[in-house]
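To start, the structure under review is shown below, and the notes come after it.
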Amino acid sequence: MKQIKSSAALTGAIGLAALAIPMQGNGQLVNTSVFNGTVNRSYEASGESWPDRTNPAEGKPNVVWIVLDDVGFGATSAFGGLIRTPNFERLANHGLRYTNFHTCAISAPTRAALLTGRNHHRVHMGGFAHQIMSAGFPGWDGYLPAEAGTIAETLRDYGYNTFAVGKYGITRDEDATDAGPFDRWPSGKGFEKFFGFLGSQTDQYNPQLVEDNSFVTPDGRHLSEQITDQAISYIQKQKAAAPHKPFFLYYAPAAVHAPHQVAKKWRDEYKGQFDEGWDVYREKVFAQQKKLGLIPADAVLPDRNPDIKAWNSLSPEARRLYARFMETYAAYLTYTDYEVGRVIRTLEELNQLEHTAIFLLIGDNGASKEGDFQGTITRDEFLSTAPATEDELVAKNLARIDQIGEPEGTNVNYPLGWAQAANTPFRLWKSDANSEGGTRNPLIIHYPEGIREKGGIRNQYGHVIDLFPTTIDLLGFRPHQVIRGVEQIPLQGTSLLYSFDQPSAASRHTVQYYYIFGQGSIYRDGWKASFAYRPNFIDLALLRQGKTSPEALAKASQQAPQWELYNLNEDFNERKNLADKHPQKLAELQALFDRQAEENNLYPLINWSHLFGKFTGGANADPKAADKIIK
């Protein structure tokens with residue numbers, strides 16, 4: 001009797017198909033043409049052999065990543081804010097709060113870095129996957145490369161089921177049709193099930209909804225309710241079919257990105273609660289953050305941004321209007337917390353909560369400045385570049401105040417004063433990669449089986465590229481060197497697992513660069529150097545109000561940015577610019593930024609001036625530029 005080592009050697013009437021089955025644990029495929037049994041012409045004289053289907057994930061915890069949008073450090077009650085988020089508080093009080101965690105300052109770069117564990121320019125996402133906000137360079141084209149596999153691809157090949165719901169945001173616009181190609185849809189990046197939307201934002205009641213590889217018709221309910229229902233269904237079905245098999249869930253609601261839309265019953269809960277205004281809000285939150293130990297006891301609140309008016313200087317009409325915007329935003333955030341709570345309760349009911357590692361990232365950047373100074377209500381208003389005075393804009397919005405939060409035809413976003421308030425205790429806001437206000441976001445990690453301390457605070461420096469290595473480190477896995485035949489570039493993040501049981505341990509992530517459309521910085525060991533080109537997004541808002549001109553902005557764009565220097569160990573919210581005092585330290589960090597930029601495909605330095613003509617009527621003007629972005 002002859003022992004057959006390869007089914008390809010068989011002849012005659014017998015032929016064995018070579019099945020391709022994932023070999024969990026190394027990202028390769030089992031080649032079942034290697035057969036260790038015996039084959040003869042009769043079944044009785046032959047010996048069977050089956051490929052090893054041992055699942056290395058057996059007994060490992062489930063993993064849930066929750067990623068919110070455009071929140072702000074000082075919004076949620078879990079981090080000292082005045083907006084009620086009891087479910088976030090519950091996770092924080094039974095887990096760990098990370099106060100020194102960072103994002104890329106805007107959504108698509110953050111999500112690309114998060115899912116791949118590599119810097120966003122390194123994975124081609126310097127801007128967005130929009131044609132209008134990308135460029136034909138390696139760090140900027142918006143095509144996520146196969147050599148930068150995602151956390152979903154890694155965990156799937158280790159034996160996890162992988163689900164994603166909500167915002168994806170890193171599929172190229174031209175690929176986001178029912179014709180694909182689908183290699184950069186969630187299904188092409190390791191997610192076995194997906195229900196959500198592919199773009200940067202969508203209407204909450206009429207979303208551009210996708211299920212797996214097809215666009216589907218929404219049912220008219222709020223998107224957050226729909227994605228939560230799907231997430232719960234995925235979990236319940238998976239646990240019913242394979243109780244001991246773990247899952248990875250990426251839960252990414254559109255909230256609280258514009259449009260701020262939420263049912264009236266949630267908005268009614270906040271009536272009158274923000275009438276004191278944004279200045280008082282900042283002071284109250286700052287005091288609460290000190291009380292909770294989230295910021296230094298001797299910290300000082302930064303001055304109000306000079307472009308934002310004092311609340312008490314506003315007209316009664318403006319205060320009434322602006323308070324309504326904040327009531328809606330707060331309601332939207334509290335409702336989002338409620339939907340997250342539904343997922344938590346499902347895990348409890350299935351006796352899985354203790355056995356699930358939950359990572360809650362409260363925002364993919366700082367609070368949004370896209371509502372301009374007076375807030376936006378309708379889509380047309382957001383897209384408008386026609387100049388209007390402050391009084392005209394307030395009067396226009398007052399006439400439509402009852403539309404704020406409603407589902408029909410709205411694109412609600414709150415005024416800039418509230419964005420600064422939501423970012424307490426920091427300066428600046430979303431897309432300002434030169435500022436902690438743009439890049440610092442709360443992180444909560446809840447894992448009862450692996451974290452002994454309940455309600456602990458961690459101040460170690462972290463970045464979104466750290467969550468991928470933290471997760472696989474926690475699970476005892478290694479990153480794959482090859483995924484689906486493609487050699488992988490190394491992960492760039494640093495595991496935070498060391499900090500779980502070492503609250504005073506020194507930070508291990510010691511160097512990090514940032515850059516978003518002209519705003520950039522470099523961090524090393526507590527020191528940070530930063531710069532900002534003109535024009536920026538605020539200049540666009542000032543242009544709409546007639547407070548500046550295209551000519552003035554064109555002149556500003558020709559000027560080199562001024563570098564600033566901060567010692568975050570002593571000045572965590574960047575109040576004291578030390579550039580003149582420590583020129584050698586600044587020069588060292590500038591040289592480091594240049595090296596990091598070269599290593600990560602950051603160059604060329606694309607900034608708002610390269611895109612500005614598309615919005616303002618220059619030679620490269622695109623009348624549908626903003627419309628393409630909003631889609």
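Here is how the numbers come out for the structure above:
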{"quantity": "Sole residue being within 12 Å of ILE151 (Cβ to Cβ), out of contact with any helix residue (DSSP H, G or I) (no Cβ under 6 Å at 6 or more places or on another chain) and open to solvent by 50 Å² or more (accessible area, probe 1.4 Å), chosen from PRO479, PRO490, PRO503", "calculated": "PRO479"}
{"quantity": "Qualifying residue in region 247-262 (condition: touching a helix residue (DSSP H, G or I) at 6+ places or on another chain (Cβ under 7 Å), at pLDDT 95 or above and open to solvent by 50 Å² or more (accessible area, probe 1.4 Å))", "calculated": "no"}
{"quantity": "So SER368, is it on the phi > 0 side of the Ramachandran plot, among the hydroxyl-bearing types (Ser, Thr, Tyr) and not in a helix (DSSP H, G or I)", "calculated": "no"}
{"quantity": "Residue selected from region 79-135 under the condition in contact with a Pro (Cβ under 8 Å, 6 or more places away or on another chain) and of a type in the set (Ser, Thr, Tyr), by the criterion nearest to PRO425 (Cα to Cα)", "calculated": "THR99"}
{"quantity": "Residues being among the basic types (Lys, Arg) and either surrounded by fewer than 21 Cβ atoms within 10 Å (Cβ to Cβ) or modelled with pLDDT under 90 (or both) - total across region 359-385", "calculated": "1"}
{"quantity": "Qualifying residue in region 384-399 (condition: closer than 22 Å to ARG324 by Cβ and within 23 Å of the chain's Cα centre (by Cα))", "calculated": "no"}
{"quantity": "Some residue of region 543-563 being open to solvent by less than 50 Å² (accessible area, probe 1.4 Å), closer than 24 Å to VAL300 by Cα and touching a residue at least 24 places away in the same chain (Cβ under 8 Å)", "calculated": "no"}
{"quantity": "Criterion: open to solvent by less than 10 Å² (accessible area, probe 1.4 Å), touching a residue at least 24 places away in the same chain (Cβ under 8 Å) and among the hydrophobic types (A, V, I, L, M, F, W, C) - qualifying residue of ALA105, ALA146", "calculated": "ALA105"}
{"quantity": "Selected residue [part of a loop (DSSP other than H, G, I, E, B) and within 20 Å of the chain's Cα centre (by Cα)] from GLY166, GLY199, GLY188", "calculated": "GLY199"}
{"quantity": "Cβ pairs under 9 Å, 6+ apart, first in region 568-587 and closer than 17 Å to ALA532 by Cα, second of a type in the set (S, T, N, Q) and open to solvent by 30 Å² or more (accessible area, probe 1.4 Å)", "calculated": "ALA579/GLN562"}
{"quantity": "Of the criteria (1) out of contact with any Ser or Thr (no Cβ under 9 Å at 6 or more places or on another chain); (2) of a type outside the set (S, T, N, Q); (3) at pLDDT below 95, which one HIS94 fails", "calculated": "(3)"}
{"quantity": "Only listed residue being in a helix (DSSP H, G or I) and crowded, with 24+ Cβ neighbours inside 10 Å, chosen from PHE73, PHE88", "calculated": "PHE88"}
{"quantity": "Residue under evaluation GLN352, criteria (1) open to solvent by less than 20 Å² (accessible area, probe 1.4 Å); (2) part of a loop (DSSP other than H, G, I, E, B); (3) not hydrophobic (A, V, I, L, M, F, W, C), criterion not met", "calculated": "(1)"}
{"quantity": "Single residue of region 506-528 satisfying the filter (hydrophobic (A, V, I, L, M, F, W, C) and under 22 Å from the mean Cα position of the chain (by Cα)) that is most open to solvent (accessible area, probe 1.4 Å)", "calculated": "VAL511"}
{"quantity": "Unmet criterion (only one of (1) surrounded by fewer than 16 Cβ atoms within 10 Å (Cβ to Cβ); (2) of a type outside the set (A, V, I, L, M, F, W, C); (3) more than 23 Å from TRP608 (Cβ to Cβ)) for ASN573", "calculated": "(1)"}
{"quantity": "Boolean, GLN226 is modelled with pLDDT of 95 or more, farther than 19 Å from GLN352 by Cβ, among the polar types (S, T, N, Q) and assigned to a loop (DSSP other than H, G, I, E, B)", "calculated": "no"}
{"quantity": "Unmet criterion (only one of (1) at pLDDT below 95; (2) within 30 Å of ASN87 (Cβ to Cβ)) for PHE426", "calculated": "(1)"}
{"quantity": "Failed item, numbered, when ARG345 is tested on (1) part of a helix (DSSP H, G or I); (2) open to solvent by less than 20 Å² (accessible area, probe 1.4 Å)", "calculated": "(2)"}
{"quantity": "Candidates ALA330, ALA297, ALA323, ALA318, filtered to the one that is of a type in the set (A, V, I, L, M), free of Cβ contacts under 8 Å to residues at least 60 places away in the same chain and part of a helix (DSSP H, G or I)", "calculated": "ALA323"}
{"quantity": "Any hit, region 42-51, residues being open to solvent by less than 80 Å² (accessible area, probe 1.4 Å), part of a loop (DSSP other than H, G, I, E, B), of a type in the set (Phe, Trp, Tyr) and modelled with pLDDT under 95", "calculated": "no"}
{"quantity": "2 or more residues modelled with pLDDT of 85 or more and aliphatic (A, V, I, L, M): qualifying helices (runs of 4 or more DSSP H) within region 553-631", "calculated": "583-599"}
{"quantity": "Test set (1) more than 24 Å from the chain's Cα centre (by Cα); (2) in a helix (DSSP H, G or I); (3) under 26 Å from ASP303 (Cα atoms) - ILE538 fails condition number", "calculated": "(1)"}
{"quantity": "Condition met for GLU449 (among the acidic types (Asp, Glu), within 23 Å of THR116 (Cα to Cα) and out of contact with any Gly (no Cβ under 8 Å at 6 or more places or on another chain))", "calculated": "no"}
{"quantity": "Of all residues making up region 96-128, the number that are more than 15 Å from TYR523 (Cβ to Cβ) and part of a helix (DSSP H, G or I)", "calculated": "9"}
{"quantity": "Conditions (1) surrounded by fewer than 24 Cβ atoms within 10 Å (Cβ to Cβ); (2) β-branched (Val, Ile, Thr); (3) part of a helix (DSSP H, G or I); number of the one not met by THR154", "calculated": "(1)"}
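The values are calculated or read from the model by the stated rules, or taken from the named source; none is laboratory data. In this text the structure is predicted, and so the values were computed from the model without any measurement. So basically every Cβ, Gly included, is an ideal-geometry build from the backbone, and we count neighbours across all protein chains shown. Accessible surface is based on the protein model in full, side chains and every heavy atom, while ligands, DNA and RNA are left aside. Shrake-Rupley method; radii C 1.70, N 1.55, O 1.52, S 1.80 Å.
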